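The values are calculated or read from the model by the stated rules, or taken from the named source; none is laboratory data. Fair warning: this is a prediction, and the values are worked out from it, not measured in the lab. No Cβ is skipped: glycine too gets one built from the backbone with ideal geometry, and neighbour counts run over all protein chains shown.
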Amino acid sequence: MLLPLKNIFILTGAGISAESGIPTFRGENGLWKNYKIEDVATPAAFNKNPRLVWEFYYERIDKILNAKPNNAHIALNRLVKSGENINIVTQNVDNLHEKAGSKNVIHMHGEIMQAVCPNCGAIYDAAKADRPLPKCKKCDSMLRPNVVWFGEKPRFLEKIYKLLTNSSIFISIGTSGVVYPASEFYIIAKESGAKTIFLNIEDLHIRTDQYFLGKAAVLLPHLVNKWIEHDGILFN
């Protein structure tokens, strides 16, 4: 069965950015290596020690400034442009999808390259914000990283659930999908009749229509080329 490149829901996670040198949250060289989560990634932590929180995020902002999108990001942009109603939802807070040319990416965990005023909602370029403690130019309140912290609700969930229930194909790339609410995205899509595809460097032992084991930057360009050439994705 050949399904057209239409109504595709793409979920990307830390794995796709790791291939561009962005540390994942966990692991030997993970983002939390020198920090405790409760000290830098909760509203309470920011209220207690905003300087430490901004120090943590500036380290990552500087890494992302110099990071380049890899072949997986570039391939996804090609796929979106080649089909109809293909949506990228990312768990990542970096801007590598945008650097690859993708538009209207849904950042469910926020965007680290932005600083936001919790008082008036003004948004600023975090990389250009005054360090170490940036302030809002409109109301003089202290800015915070425009990301979702632990204990806060992921963004755009209503839109995401609508896209899931209307999707024909669900593609998961570089994410374990075990953290709520992303853990239920695959289930919602499958129960809504979507075919499912997973790409990961580890075997997640999940029941899916297609599974590709390996690095997204290696696998995805070939897959996207094939899908575009056939004007669809072939399923058994």
What do you reckon, is PHE235 surrounded by 16 or more Cβ atoms within 10 Å (Cβ to Cβ) and touching a residue at least 12 places away in the same chain (Cβ under 8 Å)?
no
Set ASN146, ASN119: member being more than 26 Å from ASN71 (Cβ to Cβ), in contact with an Asp or Glu (Cβ under 7 Å, 6 or more places away or on another chain) and either in contact (Cβ under 8 Å) with a residue 24 or more places away in the chain or of a type in the set (S, T, N, Q) (or both)
ASN146
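Could you please find all residues in segment 101-159 being among the basic types (Lys, Arg), part of a strand (DSSP E or B) and in contact with a helix residue (DSSP H, G or I) (Cβ under 9 Å, 6 or more places away or on another chain)? Walk me through it before giving the result.
Taking segment 101-159 and keeping what is among the basic types (Lys, Arg), we get 103, 128, 131, 135, 137-138, 144, 153, 155, 159.
Remaining after also requiring part of a strand (DSSP E or B): 135, 144.
The one that is among the basic types (Lys, Arg), part of a strand (DSSP E or B) and in contact with a helix residue (DSSP H, G or I) (Cβ under 9 Å, 6 or more places away or on another chain): ARG144.
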Complete set of residues in segment 181-206 that are in contact with a Phe, Trp or Tyr (Cβ under 6 Å, 6 or more places away or on another chain) and either not aromatic (Phe, Trp, Tyr) or not assigned by TED's automatic domain parsing to the domain that holds ALA72 (or both)
ALA189, ALA194, LYS195, THR196, LEU199
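Matching residues to (1) closer than 21 Å to ALA189 by Cβ; (2) touching a Leu at 6+ places or on another chain (Cβ under 9 Å); (3) in the same structural domain as ASP209 (by TED's automatic domain parsing); (4) at pLDDT 95 or above:
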{"site": "LEU31", "(1), (2), (3), (4)": "no, no, no, no"}
{"site": "LYS48", "(1), (2), (3), (4)": "no, no, no, yes"}
{"site": "GLY83", "(1), (2), (3), (4)": "yes, yes, yes, yes"}
{"site": "ASN95", "(1), (2), (3), (4)": "no, no, yes, yes"}
{"site": "GLY101", "(1), (2), (3), (4)": "no, no, yes, yes"}
Within segment 160-178, residues touching a residue at least 12 places away in the same chain (Cβ under 8 Å), β-branched (Val, Ile, Thr) and either part of a loop (DSSP other than H, G, I, E, B) or surrounded by fewer than 13 Cβ atoms within 10 Å (Cβ to Cβ) (or both) come out as THR175
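At negative phi and either touching a residue at least 12 places away in the same chain (Cβ under 8 Å) or among the hydroxyl-bearing types (Ser, Thr, Tyr) (or both), is that true of GLU152?
yes
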